[in-house]
Structures are given as C-alpha cells and as structure tokens.
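Everything on this sheet refers to the single structure shown next.
The values are calculated or read from the model by the stated rules, or taken from the named source; none is laboratory data. Quantities reported herein were computed from a predicted structural model and do not represent experimental measurements. Cβ atoms come from the backbone with ideal geometry, glycine included; neighbour counts cover every protein chain shown. These area figures cover heavy atoms from the full protein model, side chains too; ligands, DNA and RNA do not enter into them. Shrake-Rupley method; radii C 1.70, N 1.55, O 1.52, S 1.80 Å.
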Amino acid sequence: MTEEVQRHSVHTLVFRSLKRTHDMFISNQGTLPAIDETAEKLKRLVKARDGYSLVFDKVKQNKTMKKLQSDMLENSSENGMNSEKKSDASNAVVPVAANTVMPLNASASGNVNSSIIAARKTQTMPKPKWHPPWKLYRVISGHLGWVRCVAVEPGNEWFATGSADRVIKIWELATGKLKVSLTGHISSVRGLAVSSRHPYLFSCGEDRQVKCWDLEYNKVIRHYHGHLSAVYTLTLHPTIDVLITAGRDSTARVWDMRTKANVHTLTGHTNTVASVISQAAEPQIITGSHDCTIRLWDLAAGKSMATLTNHKKSVRSVIFHPTLYMFASASPDNIKQWKCPEGKFIQNLAGHNAIVNCLAVNPEGVLVSGADNGTLHCWDWRTGYNFQRLQAPVQPGSMDSESGIFSMTFDQSGSRLITTEADKTIKIYKEDDTATEESHPVHWRPDILKRRKY
C-alpha cells in the first residue's frame, strides 16, 4: 500500500519554499553595516542640487533682494528723508539679476516670489487658420462602374477619370462635359497620371497593364510590362522622365518613360502597395502599403532609405504638401503628418473613424480625407483641426452602401475638389463664398494640447 501524499494549498507551498530559501542564504548576508549619516546627507544634497538648482538660485536671489530692500528702508528712515523722497524711493527699481527688476514697494511675499521665480512659458496650441466650408456644386454621371481614380491636367482645363467599366473618360473642368472616352483596358482602371512636359496620359489597371496614351492622337503608344498582379497606383517624377507604378505584387517599379525599361524594382513591402508618390527632392519616392508601413526610397540607388511603422492598419494613401517639405498618410487608425527627408513624425489627425481611402491637400493648407462610408473630413494642415465634416448623398437609384469615396484631388488652383465615388459619379466641391468667420466660427479649444515637432 502506497501512503497517500498530504495535499497542501499553493499558498502554504510557496511560503515553505520562501522560508527554505531564506534559511539557506541568511548566513551569507550577516549583519548589515550601520548607515553612514554623513554619506546619506551628502547624497540628498547632491540630488536636491541636481533637481532644484534653479529654484535654489532664485530663492537666494529673493533673500538677497529682501535684505537689500530692508537695508535701504532703514537708511532712508535714519537720514530723515521727507515724504516726497520716500515716495520716489518706494517707486525705484532694484536690479536683481539679468533681465529681472523688482519694485521696492512690493510688500506681499507672494508677489515677490511670483515675479522673481518666473514660471516657464506654458505650451499652447496654435490657433487654427479659418477656412471657408466646402459645398457640393456639381455631380457628373457617365461611368457605368465604380469610379476609381482621377487626374487633373496641368493646364487646369480638363480632368480624366478611370472606372471599373474599363473606360477612361476626359471631362471639361469648367462645364463638366464629356470630351472623349478612351478604351483599351480589359479590367478596372485603378490609376491615372497626366504628364506636365509631354502630351501623355498614363494609366494602370487590374489587368496588370500600364499604358501610355498620346493625347494628340488618343491612342496607346507604349506598354510597360513587368507587374505580376493588378497595378493599383502610379505617379510621374516631376523633373525626370520616369514613371513609378505599384500594386498587388507588393513592389513598386520604376520605368524609363521612353525606352519602357524597368529601371528599378523596389522590393520590401510584404503586402499590396496602395499608394505611391514622387517628388524632386529626397526622398524621391514614398510608398504606402497594406502591410501597415510607409517606405521612403532613394531613386538613384533603388533602395529603401527608411521604413515608418507608426500605423497599426493598412496605409491606403500618401500625399505631399504642395509647398511644405512634408507629407501625410491615411489609415483607418489615424491620419499622420511627417516631415521630409527622414520621415520625422509630426502629429496625428484623429477623428475620421472609417477606412480612409484617399487624401488631397491644397496650397491653402486644407487637407481633405475621403472614406469608404462616403464621409469627407476637412482639416487645417498646420494644427490638425477638423473644421468640417461632409457626407454627400448617393446617386438616385444607388444604395447607401455605394457611398464610398475612392480617390480625390484638387485642381491646379486648389479651389475645386474632385472626388470619384462608388455610386458611379464624380462630385466637384468648391468653397462656400457666402460663409464668414462669424457664420462659421472656429470651435477652437486651446486646452487640448498636441505634442508638436515643428
């Protein structure tokens, strides 16, 4: 017969283990030495001087000033100064330290302390610049599918849109009339770009094709072959004849515009690259991906300069500010602002709680974000203040679920905002001319501080 083991509670077993450990090592400790009071006092003095040296200096100055004040008052009474001279002396000022003066007639010790020990200037939130609200003034119909992309011509006379109906349409900006339809893609058109130096329009789509259209003949003159899956976005370098495309194969590819050569294949993302932008200065290419990262690329080397991992969800849009050396990125968790060239984080723009598909910013500092649920949020770029929220009605005959905004851009003047939507329409917004600062005030709360890095 085996003897049954007595069961104990976990508390008892832990206590016994601690007791055994204590008994084992108590002999190694011996008796602790007596505390050296001189050393402890010296340690406290060093800590106090390290943490409060500025306060100690101010208190010392305060005592010196008080002693000087009392000495002067005693001397004046002994010399029998008349009342007129006393009043002059009472209004005199005594220099205490550099850039610090104190009136002699300050009697209350609280006033003396407050003026001598100057408080550090509190951080304040800069007041947002007032922007007129935006309003919908034109809805353009014509596409037979979701309108996925838009690009405005550099001369600001027309703009192009690409749709899931596989057609690229060119519209007059002033009137909204259709000028021409371009057919050639065999699947949804996902990206468009118009060259500022050539009469070329570039398009990409889910058919893995990247096309160059000659707008003088309205024909495709070049194809750029190499992507292994759908191509979602493209951009043109502003000064060099190169085209950058990116898509579902997790790469961005740099093409020589004329020779159609694949100059670089920018690899590193681990999921769909949803947005790519380019500028003349470093970093020349920035990509945002569904792997929740943003990468800054050196175009000459074809390598990644930095990877920004602040976002917690997929990054669907990145956009450069037209005048500042900054860019913004959009994700369902937050809209974030960054400083070039190293991608230094500036601030969060929180509040657009939806899947943000696109961003647009104009030279006036108006940043607009568009989401999958059809909401538009307008922000002041400098302060991150959300001054307007819009929800445009869907096209008659469409469901409310078809209110998504897929892309947007400002025209070249920054006074018109063009959005392309899931209800197969293109909507154009402009500023409300009748609005004033009194009719639409800035609801600014200065007690909400943001940690800024400007």
Return the sequence-ordered ³J(HN,Hα) values of the range 330-342 in whole Hz as given by the Karplus equation 6.51 cos²θ - 1.76 cosθ + 1.60 applied to θ = phi - 60°, using x for Gly and Pro. 10, 8, x, 7, 6, 9, 10, 10, 9, 10, 7, x, 8
Among the listed pairs Lys58/Lys127; Lys179/Lys303; Lys312/Lys339; Lys129/Lys430; Lys127/Lys339; Lys260/Lys427, which have their C-alpha atoms separated by more than 30 angstrom in this model? Lys58/Lys127; Lys179/Lys303; Lys260/Lys427
Label Thr307 and Lys63 with points 7 Å out from Cα along Cα→Cβ: what is the distance between them in nm? 5.9 nm
Relative contact order, percent, the range 213-369 [alpha-carbon distance under 8 Å, six or more residues apart]: 13 percent
Give me the distance in nm between label points sitting 7 Å out from Cα along the Cα-to-Cβ direction at Thr21 and Trp444, one decimal. 5.9 nm
Overall form of the range 236-343 per C-alpha gyration tensor (a/c, 1.5; a/b vs b/c): oblate
Give, as a single signed number, the net charge of other residues whose beta carbon lies under 14 Å from the beta carbon of Val220, with Lys and Arg counted +1 and Asp and Glu -1. +2
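From Cα pairs below 8 angstrom and at least 6 apart in sequence, can you work out the relative contact order of the range 300-407, rounded to a whole percent?
Relative contact order for the range 300-407 comes out at 18 percent.
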Heavy atoms of the protein only, probe of 1.4 Å, neighbouring chains included. What is the accessible area of Tyr325 in Å², nearest 10? 100 Å²
Estimate the FRET efficiency between Asn262 and Leu54 by the formula 1/(1 + (r/R0)^6), using the beta-carbon distance for r and 56 Å for R0, to the nearest 0.05. 0.35
List the residues, sorted by chain then number, that are 5 or more residues from Ala274 or on another chain and whose placed amide H is less than 5 Å from its amide H. Gly288, Ser289, His290
Potential extension, Ala281-His225 segment - 0.36 nm per residue separation minus Cα distance: 17.4 nm
So if each residue of separation counts as 0.36 nm, and I subtract the Cα-Cα distance between Arg197 and Gln391, what length gain in nm does that give? 66.2 nm
Spelling it out for Ile355: with amide H atoms placed in the peptide plane at 1.01 Å from N, the residues 5 or more places away or on another chain with amide H under 5 Å from its amide H are Asp372, Asn373
